[in-house]
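Report on the structure given below.
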Amino acid sequence: MMRGMSGDFVGTREAARLLGVSEASVRRWSDSGFLQSHRVGRRSERRFDRSAVLRLRATGPPAASPSASSVLLEGREIPLHSHLSAYSTSDRGRLRLSVPFLRDGLAAGQPCVTVSNRQTARLLEDELKAEGVAVERALETGRLRKLELFQTHSQGIETFERTFAAFTRRGDLVIRVLGEASQNAETLGSIPDLLRFEEMLNSLVRRYPVVMICQYDVRRLQGTDVIDVLKGHADNFDQPLGMFLN
């Protein structure tokens, strides 16, 4: 144990003992940014704030996916290669699914990709930090990847493919993607333009081990837009629709 200005610190072995998990799990949570660590000494060994470890023990780590073929979302298994849409009526409403979706992925050591404007990116980061996620560490290790809104279809497809390919080459078996679709509609031109882009995305989602959630602010949709968006995300119909209404 070491003492620092912010309190008691413990090493990986002691953190694992306190949490009742393996040292590998502690290292994975540290690398993903879920459990913040500090590096000390010439060997750059990990040290954890004891109070943070005890908080995690009290709340319990998020449940890991039962296999590399699915992710857990609101207690349901969502198979890989799923391209889903979610709907909110407020700025806070969009966080109901997005925060646990990203938090649980980072805790499991899975790469998470977000596409949004800077204001929403900051809001997500603040909420993840409130959940105990070491966001800066997740960004440094590449487990959390922030993408800005796309200006053209080709730019978006090329960026996604390059990102997915890099993750799969390094051995990642699950990739989580959260996109603020309504925001991207403004940069791509319109909802019909966005839906053409979404259709192009389907082939990428089928080729890579991805679960993608495209979030729509229904305040920005008109008339039959909601029906068109639903039709463009057929994977929603394999799940209870209510879980995607925020």
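The values are calculated or read from the model by the stated rules, or taken from the named source; none is laboratory data. Predicted model only: the values in this text are computed from it and were never measured. When the accessible area is computed, the model is the full protein with side chains, heavy atoms only, and any ligands, DNA or RNA have been set aside. Shrake-Rupley method; radii C 1.70, N 1.55, O 1.52, S 1.80 Å.
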**Study point:** Taking only Cα atoms of the range 167-212, radius of gyration then Dmax in Å
**Key:** 12.5, 36
Practice item. Would you work out what percent of the accessible area of the range 171-236, with all protein chains in place, is carbon or sulfur (probe 1.4 Å)? Key: 54 percent
Point to revise | Accessible area, probe 1.4 Å, largest first, for residues 186, 23, 180 | key: 186, 23, 180
Study note, to complete from the structure: Per GNM of the chain with C-alpha springs under 10 angstrom, the most fluctuating residue out of 27, 96, 42 is 42
Revision key, fill the gap. GNM of the chain, Cα pairs under 10 angstrom: of 102, 19, 84, the biggest fluctuation goes to 19
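So for the chain: antiparallel DSSP bridges make up what percent, rounded to the nearest 5?
On the way: 12 of 34 bridges.
Bridges in the chain are about 35 percent antiparallel.
Per residue, how much accessible area does the chain have with a 1.4 Å probe, in Å²?
Values: 11870 Å² over 246 residues.
Accessible surface, normalised per residue, equals 48 Å².
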